[in-house]
Amino acid sequence: MPDALDLLKTRRSIKAVELSPPGPSPAEIDTLLTVASRVPDHGKLTPWRFIVFEGEARRAAGDAIAKFFRAKYPDAKPEQIEAERERLTRAPLVIAVVSRAAPHAKIPEWEQVLSCGAAAMNLVTAAHALGYGANWITEWYAYDRGALDALGLAPHEKIAGFVHIGRPPGPPEDRPRPPLAEIATRFAPKGA
Ligand SMILES: Cc1cc2nc3c(=O)[nH]c(=O)nc-3n(C[C@H](O)[C@H](O)[C@H](O)COP(=O)(O)O)c2cc1C
């Protein structure tokens, strides 16, 4: 198991199409979900939940995605529709992170959304810690009401991401990261 700081300093996404089987075991999926749900959560509202897509269920979800793709693009070619059917079969495991953020008397909705983002990031990090690659993506169907209904989301729920998980082909090349000098400042009181 990589050292925690090494993992955080070197982690990077692996494209969904490059993630191969075998995917995580049932015990590893439990570990992933346990880590994903262990995030700061103002008010302990649990403003997120997870949907696990594995095995044949990935293809069934793809059928629903393809149906709404056809409704959106009636002139789509058969090969485009077939590609939509395969949306969730690229990686052996996909976990949807669903935001349940809603207006609340004390806890701003924004903070609930942030907690959901933290859950998604914890899931990605846990997958890497177990030796898998992961890719946090949304794509068009995360924003299509028909597709969301078909995937079982309630009207107020939103997709934070479909986290694709599988074996990486090898160590990935990194991408440039923002220089710290451009994103971090030290606060100095005005006039000091
Ligand atoms: C909420 C969210 C949605 C994203 N959706 C997509 C997407 O639909 N397609 C995509 O190529 N990348 C998407 N990304 C970006 C990838 O997850 C990832 O950040 C990018 O591939 C660079 O990876 P790395 O910096 O983790 O190596 C999304 C990221 C976030 C945070």
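The values are calculated or read from the model by the stated rules, or taken from the named source; none is laboratory data. Being a predicted model, the structure only gives us computed values, none of them experimental. Counting neighbours? That spans all protein chains shown, and the Cβs are built from the backbone with ideal geometry, glycine included. Just so you know, the surface numbers come from the protein's heavy atoms only, side chains and all, with ligands and any DNA or RNA stripped out. Shrake-Rupley method; radii C 1.70, N 1.55, O 1.52, S 1.80 Å.
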Q: Assess whether Ala71 counts as being more than 27 Å from Leu123 (Cα to Cα), open to solvent by 60 Å² or more (accessible area, probe 1.4 Å) and modelled with pLDDT of 95 or more.
A: no
Q) Only one of Val17, Val97, Val35 is of a type in the set (A, V, I, L, M), outside any loop (DSSP other than H, G, I, E, B), within 16 Å of the ligand (Cβ to nearest atom) and surrounded by fewer than 20 Cβ atoms within 10 Å (Cβ to Cβ); which? A) Val17
Q) Identify, please: which residue in region 170-188 is closer than 21 Å to Arg90 by Cβ and within 9 Å of the ligand (Cβ to nearest atom) and is, among those, surrounded by the fewest Cβ atoms within 10 Å (Cβ to Cβ)? A) Arg175
**Q.** Filter result for Leu123 (of a type in the set (A, V, I, L, M, F, W, C), within 13 Å of the ligand (Cβ to nearest atom), under 25 Å from Ala96 (Cβ atoms) and without any contact (Cβ under 8 Å) to a residue 12 or more places away in the chain)
**A.** no
Q. How many of the residues in region 136-169 are at negative phi, assigned to a loop (DSSP other than H, G, I, E, B) and within 16 Å of the ligand (Cβ to nearest atom)?
A. 7
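Would you check if Ala64 is in contact (Cβ under 8 Å) with a residue 60 or more places away in the chain and away from the ligand (no atom under 16 Å from the Cβ)? Even if it seems obvious, please write down each step before you answer.
On the way: in contact (Cβ under 8 Å) with a residue 60 or more places away in the chain: yes; away from the ligand (no atom under 16 Å from the Cβ): yes.
So Ala64 passes the test.
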Q. So how many residues does region 44-61 have that are surrounded by 13 or more Cβ atoms within 10 Å (Cβ to Cβ) and free of Cβ contacts under 8 Å to residues at least 12 places away in the same chain?
A. 2
Q: Among residues belonging to region 74-94 that are among the small types (Gly, Ala, Ser) and in a loop (DSSP other than H, G, I, E, B), point out the one that is modelled with the lowest pLDDT.
A: Ala76
